[in-house]
1. Could you work out [θ]222 nm for the chain from helices alone, using -39500 (n - 2.57) per DSSP H run of at least four and dividing by all its residues? Round to the nearest 500 deg cm²/dmol.
2. Given the pairs K58/K198; K79/K162; K198/K287; K206/K287; K58/K79; K146/K293, which are separated by over 30 angstrom at their Cα positions?
3. How high is the FRET efficiency from D167 to K286, r the C-beta distance, R0 41 Å, rounded to 0.05?
4. Could you check which residue among D283, D23, D185 shows the biggest mean-square fluctuation in a GNM of the chain with a 10 Å Cα cutoff?
5. What does the net charge come to around A143 if you take all other residues with beta carbon closer than 13 Å to its beta carbon, with K and R at +1 and D and E at -1?
6. Starting from the Cα-Cα distance between N32 and I4, subtract it from 0.36 nm times their residue separation and give me the gain in nm to one decimal.
7. GNM, the chain, Cα, under 10 Å: largest mean-square fluctuation among A313, A271, A112?
8. From the residues Q65, A305, A181, which one has its Cα farthest along the dipole of the chain in the positive direction, the dipole being from +1 and -1 charges on Cβ of Lys/Arg and Asp/Glu about the Cα centre?
Amino acid sequence: MEAIISVVVPIFSNEKYLRRCLDSIVNQTYENLEIILVDDGSTDGSGAICDEYESRDKRIKVLHQTNQGVSAARNAGLKECQGEYIGFVDGDDWIEKDMFSFLSGLLEENGADMAACGYYLNDKEDPDLDMERPPEIITQESAIEKSLELKEFCFDSSVYNKIYRIDIYKKNGIEFDEDIAIGEDMLWLCRFIICSEKIVYSQIPKYHVIKNDESATRKPFNTKNISLVTAHQRLEAAVGGIYPQLVPVIRRRSALSSYRLLREASKNISAKNIADIRILQKDMKKKITYMLKTRELPIKGKFAAVLAMFSIAGYKYLSRFHEAVIRFFH
């Protein structure tokens, strides 16, 4: 008999996309699913949609809670899981009809603790995708390093394009940090990897990531974004003692992430976010050498990063001047 896969879906006001998401899950070729929908205090019709699907499909269980954030929603769902494997789908994404068949096959054929697949980004696929490339067994160190790559179509630090053996989660008490608003999945994933013995990865895409204006990483800068600095600090604490060679990778990612947040903050500098800006600048100053060595930023990008690190106002004015020059010559 097929093992039960428990699918946790955190939902917050995803009414526009939710039916497509849920249809893609309930119509999976792998039918032995336990589907846990966690309505995290939605303010639109998402809660009613969840209840509607629950009434039609006995595999679905709905949890309604006050808004506590995606980490708390996932933790609530995890506590209800009764399957042998765990999977996650975000409420505004959707999956290919054979994703769970594909991932469970990878996991079982290779005796792995975690299986991962590729993904589409707004229905765009990896331009370097090789559909003939066989799945690969990757080490814990390699999996962590791959998860920290700041590029599209990689192993990725998100939890959604993967399935996991539930006994590892239960044995090690791996929960999402509820005080982390961004980077919580990266932290959970790397902790799970550390506790795993075998990981299998195929770049064949089976998950559809939908980036829209409501996505957490696309929303305007707010003080919750600063928790990403804390996420990287906790990640270094969890990984650094076991794989010290990955510390430079973590610090480079942290510095680049802080720079990205600084760029967002520069669009609306105010007394409300000046303290947050200083936290980001401090993080960059601690790790600037790691960022300056990366090939992920061109020379002009590194110059702009250094300027933002010392003067966010100077960075803002330079950015406006650069945009004006481009408009003038185009």
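Bear in mind that the values in this text are calculations on the coordinates, not laboratory data. Because the structure is a prediction, the values reported are computed rather than measured. Cβ placement follows ideal geometry from the backbone for every residue including glycine, while neighbour counts extend to all protein chains displayed.
1. Working: 12 runs with 154 residues, N = 330.
Calculated at 222 nm, the ellipticity per residue is -14500 deg cm²/dmol.
2. Values: K58/K198 33 Å; K79/K162 19 Å; K198/K287 32 Å; K206/K287 36 Å; K58/K79 19 Å; K146/K293 18 Å.
Over 30 Å Cα-Cα: K58/K198; K198/K287; K206/K287.
3. Working: r = 38 Å, r/R0 = 0.93.
Approximately 0.60, to the nearest 0.05.
4. The residue that fluctuates most here is D23.
5. Numbers: positive: K146, K162, R191, K198; negative: D113, E136, E141, E145, E149, D156, E197.
Spelling it out: positives minus negatives among the neighbours equals -3.
6. Working: separation 28, 0.36 × 28 = 10.08 nm, distance 0.52 nm.
Separation in residues times 0.36 nm, less the Cα-Cα distance, equals 9.6 nm.
7. Looking only at A313, A271, A112, the biggest GNM fluctuation is shown by A271.
8. My answer, from the dipole projection, is A305.
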